[in-house]
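The values are calculated or read from the model by the stated rules, or taken from the named source; none is laboratory data. For clarity, every value in this text was computed on a predicted model and none was experimentally measured. Note that we place each Cβ from the backbone using ideal geometry, even for glycine, and neighbour counts take in every protein chain shown. Keep in mind that these areas ignore ligands, DNA and RNA; they rest on the heavy atoms of the full protein, side chains included. Shrake-Rupley method; radii C 1.70, N 1.55, O 1.52, S 1.80 Å.
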Amino acid sequence: SGTLVAKDADGRTATVRIRLRVGGPALSALTVEHVAVHGDRITYELVNRGTTVLVPKLAVHAEGVFGRDLLDRAPRTLPVRLAPGSRTALSEPWPGHPALDAVDVRLTATAAGGAHDTATTRARFVPWGAVAGTSGALTAGAAVTVVRRRRRRACRAAEPLSTKAELTGAVR
């Protein structure tokens, strides 16, 4: 579907809506692209690379570093109709994502006519505030230890060693 716009010399325009049907085989083809994890959202794009209108279904699966299933959503119909050649950016919510883990995320899209595709991405969840606090505490502890050692060395160096005998007979 589309429009044809004609303009005359006086600047007047006329618009005509056009619907074309191209003969040939019907082809259902779907791809999942640009998968990424942004905090509590998984973003992706669906692209209809075929010649038929598609209503895709999406399944989401995420597995942690120790093989635990962190997210396992069964296929559900998405609220979009993809015209041939069109692309749409979508996102899936992920409440309760892990605080500390390396995760493999897999999206599988299917549609009528045998169209299907799977795309994966990796995400790392690191609580940077806790890491910064821990590394700050470790750095401060190391600095205190270094300062104490230097003071002890300085005190030892300041005391002259004497080998003279005192009246008490003790050697210093």
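Probing with 1.4 Å while keeping every protein chain in the model, the per residue accessible area of segment 1-116 equals 64 Å². Between residue 57 and residue 22, the FRET efficiency estimated from the beta carbon spacing at R0 = 35 angstrom works out to 0.85. Calculated from the alpha-carbon coordinates, segment 37-97 shows an Rg and a Dmax of 13.7, 42 Å respectively. Atom-type composition of the exposed protein surface of segment 1-60 places 53 percent of the accessible area on carbon and sulfur (1.4 angstrom probe).
Projecting the Cα atoms of 118, 22, 79 onto the charge dipole of segment 1-139 (Cβ charges, centred on the Cα centre) puts 22 farthest toward the positive pole. From largest to smallest, the equivalent ellipsoid semi-axes obtained for segment 1-129 from the alpha-carbon gyration tensor read 40, 19, 10 Å.
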